[in-house]
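**Student:** Structure below; questions to follow.
The values are calculated or read from the model by the stated rules, or taken from the named source; none is laboratory data. A quick note: this is a predicted structure, and the numbers were derived from the prediction, not measured. A quick note on method: Cβ atoms are made from the backbone with ideal geometry, for glycine too, and the neighbour counts reach across all protein chains shown. In case anyone asks, the SASA skips ligands and DNA or RNA and just uses the protein heavy atoms, side chains included. Shrake-Rupley method; radii C 1.70, N 1.55, O 1.52, S 1.80 Å.
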Amino acid sequence: MTKSDPALVRLQEELADVGSMAEGLNQRAQEVLEALGRIIPFDSGWLAVRDPERRRHIPLATTGAAEPLRRYFESPGADAEVEHLGLNSAQRPVLASELPVPLPEICAWGEYLLPAGFRGGVAGPLFASTGRHVGFLSLLVEDPARFSPADRQIVSAVTRVIADDLDRTQEIATIARIVGTAEAGVVLTRGGDVLPLPGLPGHRLLAPGSPILAAATDELSADGPYTAFHAPTAGPDGEPLARVTALDCALPELDHLSAAVLLSFPGDLRGLTPLDLRILGHLVAGTTQVPALAAALNIDPGTTAEALHRAQVALDAPDRTAAATRALRTGLPVPPALSRPARAGRR
């Protein structure tokens, strides 16, 4: 079967439709295995996403007698062996007969698959169009002669489409579109790594190690699934500001993707200065008395009181508690951790 074979083209189109029409990752994965089975019949199928920070594979869908694979991937050395065999790197799928080690000497086969009656298969990593390693596909058969290089070529021709179907950064990008003013954005992982957010460029202020990312993580942990605030980008008072929006996208039992962090122009600041927004940040954080606010910002109490008054007037707030609540709701504050100009993260 060549790349232009009508049956292969139809399979690619069918799998692409799965990504745009099927609801939820598990349903997509199940439909992927069903579509593959109509072209290259197999006895057992396994489709999983990979969490690289925990070094584990989490199954989304299986068919047939997949319990041996489930038990194998729950074992502590599974990901290391997959890595050793080159199946966590961007390469074409491989037939069991093409593995560089005899099957009985491979833990997956010697301890799990051969005793279960499987004698052949094809497996490979799933890399999305973005280059992200999304997961792993394994198709098993009892007849060692069942799969041929032609079957491997079919699987190779559709792995990227499958990976795109299961790439959760695409879902996160769709959710992030609710912030229509976003000029840049990234996906933040549980461990603090930064991944591209499809459809938006990155930014130096969203590089790994950026204080803005640390502040976004802290604000989400305190405020729930959504938070917005402002961050200074350079220079002393009067420096440009950016509006930061963070959306909690964590599914901790599934993968390491944690949040979308977006940068926008500041928009309507209601006439407030960067100092006023810093005052609001400390107010929201619980510092409410003028002397304490002045000490936190290293300014005199008179200037602090004036800034606090401006903020209350701009927010039409009768008291400081109301000012803090309204500031938080409108995303105006500069968090205390960003009271000094933000620096770029590590490059």
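**Student:** Calculate for the chain the 222 nm mean residue ellipticity that helices alone would give, adding -39,500 (n - 2.57) per DSSP H run of length 4 or more and normalising by residue count, nearest 500 deg cm²/dmol.
**Tutor:** -11500 deg cm²/dmol
**Student:** A follow-up question, please. Provide, for q = 0.13, 0.14 Å⁻¹, the log10 of I(q)/I(0) from a solvent-free Debye sum over equal Cα point scatterers in segment 84-231.
**Tutor:** -0.73, -0.78
**Student:** Once fully extended, how much extra length lies between Thr330 and Glu83, figured as 0.36 nm per residue of separation less the alpha-carbon to alpha-carbon distance?
**Tutor:** Difference between extended and current length: 84.2 nm.
**Student:** Using 0.36 nm times the number of residues separating Glu111 and Thr174, minus their current alpha carbon distance, what extension gain do you get?
**Tutor:** So the chain would gain 18.5 nm between Glu111 and Thr174.
**Student:** Rank these residues by their accessible area, most exposed first, probe 1.4 Å: Glu98, Glu74.
**Tutor:** Sorted by accessible area, descending: Glu74, Glu98.
**Student:** Go ahead and collect, in residue order, the members of segment 304-342 whose backbone nitrogen is under 17 Å from a label point 7 Å along the Cα-Cβ direction of Ala295.
**Tutor:** 304-305
**Student:** Please quote Rg/Rh for segment 193-262 to two decimal places, taking the Kirkwood radius as Rh and restricting both calculations to Cα atoms.
**Tutor:** Dividing the radius of gyration by the Kirkwood radius yields 0.98.
**Student:** For segment 39-107, what is Rg from Cα atoms divided by 2.2 N^0.38 Å, rounded to two decimals?
**Tutor:** Computed over Cα atoms of segment 39-107, the ratio equals 1.13.
**Student:** Using a 1.4 Å probe on the protein heavy atoms, what percent of the accessible area of segment 260-328 belongs to carbon and sulfur?
**Tutor:** 56 percent
**Student:** Moving to a separate point now. Rolling a 1.4 Å sphere over the protein heavy atoms, what is the accessible area per residue of segment 49-198, to the nearest Å²?
**Tutor:** Value returned for segment 49-198: 43 Å² of accessible area per residue.
**Student:** Oh, and also: Taking the square root of 5 times each eigenvalue of the Cα gyration tensor, what semi-axes in Å does the equivalent ellipsoid of the chain have, largest first?
**Tutor:** 52, 19, 15
**Student:** Ok, one more. How much net charge surrounds Ala16 when only other residues with a Cβ under 13 Å from its Cβ are counted (Lys, Arg +1; Asp, Glu -1)?
**Tutor:** Cβ neighbours under 13 Å give a net charge of -4.
**Student:** Here's a follow-up. Counting C-alpha atoms alone, how compact is segment 249-319: give Rg to one decimal and Dmax as a whole number, in angstrom.
**Tutor:** So, for segment 249-319, Rg and Dmax equal 16.6, 52 Å respectively.
**Student:** Where a ≥ b ≥ c are the square roots of the eigenvalues of the C-alpha gyration tensor, would you call segment 237-290 rounded, which needs a/c under 1.5, or, failing that, prolate if a/b is larger than b/c, or oblate?
**Tutor:** In terms of gyration-tensor shape, oblate.
**Student:** Which whole-number percent gives the relative contact order of segment 125-261, counting Cα pairs below 8 Å spaced six or more residues apart?
**Tutor:** 19 percent
**Student:** A further question on this structure: Which cross-chain or sequence-distant (5 or more) residues have an amide H under 5 Å from the amide H of Gly121, H modelled 1.01 Å from N in plane?
**Tutor:** Long-range HN contacts for Gly121: Ala96, Ser97, Val141.
**Student:** Pull up all non-local amide H partners of Gly135: gap of 5 or more, or a different chain, and H-to-H distance under 5 Å with H placed in the peptide plane.
**Tutor:** Arg50, Leu126
**Student:** Heavy atoms only, probe 1.4 Å: what % of the accessible area of segment 173-252 goes to carbon and sulfur, would you let me know?
**Tutor:** With neighbouring chains kept in place, the figure for segment 173-252 is 61 percent.
**Student:** Obtain the nm distance between the two label points defined at Asp193 and Ala337 by a simple spin-label model: each point lies 7 Å from its Cα along the Cα-to-C-beta direction.
**Tutor:** 2.1 nm
**Student:** Still on this structure, please answer the following. Using mean Cβ contacts within 10 Å as the protection proxy, how do 59-66, 26-33, 217-224 order, highest first?
**Tutor:** 26-33, 59-66, 217-224
**Student:** For segment 71-80, take each phi angle, set θ = phi - 60°, evaluate the Karplus expression 6.51 cos²θ - 1.76 cosθ + 1.60, and give the result in whole Hz per residue in order, putting x for glycine and proline.
**Tutor:** Result, rounded to whole Hz: 5, 4, 6, 7, 6, x, x, 4, 5, 5.
**Student:** Quick one: compute the contact order of the chain, relative version, from alpha carbon pairs under 8 angstrom and 6+ residues apart, as a percent.
**Tutor:** 15 percent
**Student:** Here's something else I'd like to know. Which residue fluctuates most in the GNM of the chain (Cα springs below 10 Å): Leu213, Leu95, Leu257?
**Tutor:** Leu95
**Student:** Let me ask something else. Order the peptides 202-210, 248-256 from the highest to the lowest mean number of other Cβ atoms within 10 Å of their residues.
**Tutor:** Result, highest mean Cβ count within 10 Å first: 202-210, 248-256.
**Student:** On to the next question. Which ³J(HN,Hα) values, rounded to whole Hz and listed in residue order, are derived for segment 124-141 from phi using the Karplus coefficients 6.51, -1.76 and 1.60 in 6.51 cos²θ - 1.76 cosθ + 1.60 with θ = phi - 60°, glycine and proline given as x?
**Tutor:** Per-residue couplings from phi come out as x, x, 10, 10, 7, 4, 6, x, 6, 6, 8, x, 8, 10, 9, 10, 10, 9 Hz.
**Student:** Between Thr273 and Met21, what is the label-point separation in nm under the 7 Å Cα-to-beta-carbon projection?
**Tutor:** Each label point is offset 7 Å from its Cα along the Cβ direction, giving 6.0 nm.
**Student:** Something else about it: Kirkwood hydrodynamic radius, segment 1-133, all distinct C-alpha pairs: what's the number in Å?
**Tutor:** 16.0 Å
**Student:** Further question: Output ³J(HN,Hα) for segment 318-324: one whole-Hz value per residue in order, computed from phi by the Karplus curve 6.51 cos²θ - 1.76 cosθ + 1.60 with θ = phi - 60°, and x for Gly and Pro.
**Tutor:** x, 8, 5, 4, 5, 4, 5
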